[in-house]
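Here is the structure we will look at.
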Amino acid sequence: MASNTGRQIARTAVLLGALALAFWVLYGAYTTFYKRAYPTEYWKTVVREADRNGLPYDLVFAVIRTESGFRPQVQSSVGARGLMQLTEDTFDWTKSKMEDAGDETYADLFDPEVNIRYGCKLLRLLLDEFEAEDTALCAYHAGWGNAKKWLADDEHSADGINIHTIPFGDTRRYVQKINETRAIYRNLYQFVEHGG
């Protein structure tokens, strides 16, 4: 009887050990898959520019992944270029607001260093302009003028700060995608950054 109990305990221990091993193997595969799908390419540049502009790393990585899929040579049908997809007008406006602007041009936006520098500055300017992060993301995607117009319209904003009804479906999906992507980045990497 005692030997049967001992065998049962041994079998249970082996089974629990196998289950624990299977869990860790699956967890490792899951994490590896997600880290490939949600990379941190251009890490040094993102950290430097995010820190310079007081931006959360997960926000910058989410914008890059959503805008370009980390492909620096991408250009949209409206001429938005590079990792963070800046148009020529947006680049020029952002550059005009930078005290330390260099001699970079719109043609330089395919360079990841330049693109991330100006993209992060643009995000900072929009976050400073608009009190709500989702409203700043609306402005990043649909333009500053559209965000201002929606905030002034009771149909889209009850408080003049948050846009509760985003009229453009692609902008609505964009803001949702950024927020979902940020959550995945936070869970995967648990960034330790300035103030957060």
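The values are calculated or read from the model by the stated rules, or taken from the named source; none is laboratory data. Since we're looking at a predicted model, the values are computed, not measured. Using ideal geometry, Cβ is built from the backbone for each residue, glycine included, and neighbour counts are taken over all protein chains shown. In case anyone asks, the SASA skips ligands and DNA or RNA and just uses the protein heavy atoms, side chains included. Shrake-Rupley method; radii C 1.70, N 1.55, O 1.52, S 1.80 Å.
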ASP134 vs. criteria touching a Gly at 6+ places or on another chain (Cβ under 8 Å), charged (D, E, K, R) and open to solvent by less than 80 Å² (accessible area, probe 1.4 Å) | no
HIS141 passes all but one of (1) more than 18 Å from VAL63 (Cα to Cα); (2) in contact with a helix residue (DSSP H, G or I) (Cβ under 8 Å, 6 or more places away or on another chain); (3) at pLDDT 95 or above; which number fails?
-> (1)
Restricting attention to the stretch 82-106, and to residues there that are over 22 Å from ASP128 (Cα atoms) and in contact with a Phe, Trp or Tyr (Cβ under 6 Å, 6 or more places away or on another chain), which single residue is surrounded by the most Cβ atoms within 10 Å (Cβ to Cβ)?
-> GLY82
Is it fair to say ALA158 is exposed (fewer than 12 other Cβ atoms within 10 Å of the Cβ) and not acidic (Asp, Glu)?
-> yes
Scan (1) under 18 Å from VAL46 (Cβ atoms); (2) free of Cβ contacts under 8 Å to residues at least 40 places away in the same chain; (3) not β-branched (Val, Ile, Thr) for the single condition LYS95 breaks and write down its number.
-> (1)
For the stretch 36-62, pairs from a residue that is open to solvent by 10 Å² or more (accessible area, probe 1.4 Å) and assigned to a helix (DSSP H, G or I) to a residue that is of a type in the set (D, E, K, R) and modelled with pLDDT under 95, with Cβ under 9 Å and 6 or more apart or across chains, are VAL47/GLU193; ASP51/GLU193; TYR57/GLU193
Counting only residues in the stretch 107-116 that are open to solvent by 40 Å² or more (accessible area, probe 1.4 Å) and of a type outside the set (Asp, Glu), the one farthest from LEU55 (Cα to Cα) is identified as ALA107
Answer with yes or no whether ARG11 is surrounded by 10 or more Cβ atoms within 10 Å (Cβ to Cβ), at pLDDT 95 or above and not β-branched (Val, Ile, Thr).
-> no
Reported set for the stretch 117-131 where residues are within 19 Å of VAL175 (Cα to Cα) and either in contact (Cβ under 8 Å) with a residue 24 or more places away in the chain or open to solvent by 60 Å² or more (accessible area, probe 1.4 Å) (or both) is GLY119, CYS120, LYS121, LEU122, LEU123, ARG124, LEU125, LEU127, ASP128, GLU129, PHE130, GLU131
